[in-house]
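Working notes, beginning with the structure itself.
The values are calculated or read from the model by the stated rules, or taken from the named source; none is laboratory data. Since the structure is predicted, the reported quantities are computational estimates derived from the model, not experimental observations. Here the Cβ is made from the backbone with ideal geometry for all residues, glycine too, and neighbour counts use every protein chain on show.
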Amino acid sequence: MSQSDHTELLSQVRNRDRQALAKAITIIENSGQPFEIEDKAGAQVIGITGAPGVGKSTTVDALVNLLRERNFSVAVLAVDPSSPISGGALLGDRIRLTDHFTDPGVFIRSLATRGHLGGLSVSTKAVLKLVQSAKFDFIIVETVGVGQSEVEVMRVVDTVVVVLAPGMGDGIQASKAGLLEIGDIYLINKSDREGAKETAADIERSISMSMPKTVAGKPWMPPVLLGAMQNGTGVSELMAEIEKHRNG
Ligand SMILES: Nc1nc2c(ncn2[C@@H]2O[C@H](COP(=O)(O)OP(=O)(O)OP(=O)(O)O)[C@@H](O)[C@H]2O)c(=O)[nH]1
Ligand SMILES: [Mg+2]
């Protein structure tokens, strides 16, 4: 790509041209190289992580609906560290955001991050920087898959939401997966099912024993919320905590 094509593409991205953004992300994925971007980060980057099937994508969907109701623009990145495939197929399976495909205030993309020179977080970082320049109000990063690579992705976001569900792994399992160190907010989803309060109590106990967190130099005690994202229950409380976490 010539320098002037480059400049043109980046200026389209800055005007939040979704096609240009998709194209530029593909360039990063294929080359492993970041673009040189001077814009300062603006959007709050929200990470959504947790074990398979706990309701991460459902949570993303509920958040996107809420943000659009409030007229905020939002970009969603589904990071799949295990898959070299990007684009349509994975998205169709993983994210129920089809309502938003025609909405210019929403950008949705899945990211394959395996097999690049710079490794996982470098490439995610480069994409985030690019998406930041498109000036969305919020960026949501959902990780697909579990383990160390997932934890690594969460290091590059501003606010980490760990999603859990009753009966789908207690505090000990979550702790083993490294999830109880990284959460700024814990959401016990599927609280329409039995055992949610017990799971919440278990997580509260576990995090009270982990390293204290701070936001802007002030102590931050990660809240443990109950929700049923499938019905949108608790999503505004979740968003309120996300905003609180940014502001400290
Ligand atoms: N009962 C109940 N089921 C829910 C709720 N939220 C999500 N689910 C269901 O849980 C299943 C998994 O939801 P997803 O949002 O795909 O979960 P995920 O964590 O993104 O899954 P992976 O991306 O595969 O790891 C789906 O069948 C959802 O309909 C909820 O609040 N209550
Ligand atoms: Mg998912």
Residues satisfying the stated conditions in the range 219-233, i.e. part of a strand (DSSP E or B) and surrounded by 15 or more Cβ atoms within 10 Å (Cβ to Cβ): Trp220, Val224, Leu225, Leu226, Ala228, Thr233
Residue selected from the range 58-91 under the condition in contact with an Asp or Glu (Cβ under 8 Å, 6 or more places away or on another chain) and modelled with pLDDT under 90, by the criterion farthest from ligand 2 (Cβ to nearest atom): Ser86
Counted residues, the range 93-132 - those being part of a helix (DSSP H, G or I), crowded, with 22+ Cβ neighbours inside 10 Å and either hydroxyl-bearing (Ser, Thr, Tyr) or modelled with pLDDT under 60 (or both): 2
Hits in the range 140-149 (condition: crowded, with 24+ Cβ neighbours inside 10 Å and either away from ligand 2 (no atom under 15 Å from the Cβ) or modelled with pLDDT under 75 (or both)): none
Subset tally (residues that are under 22 Å from the mean Cα position of the chain (by Cα) and part of a loop (DSSP other than H, G, I, E, B)) for the range 183-200: 5
Which listed residue, of Met229, Met239, is within 16 Å of ligand 2 (Cβ to nearest atom), under 20 Å from the mean Cα position of the chain (by Cα) and not charged (D, E, K, R): Met229
Hits in the range 234-244 (condition: over 12 Å from Asn65 (Cα atoms) and not in a loop (DSSP other than H, G, I, E, B)): Glu237, Leu238, Ala240, Glu241, Ile242, Glu243, Lys244
Complete set of residues in the range 28-53 that are outside any loop (DSSP other than H, G, I, E, B) and surrounded by fewer than 18 Cβ atoms within 10 Å (Cβ to Cβ): Asn30, Ser31
Check on Ala78, small (Gly, Ala, Ser), in contact with a Leu (Cβ under 7 Å, 6 or more places away or on another chain) and closer than 20 Å to Leu164 by Cα: yes
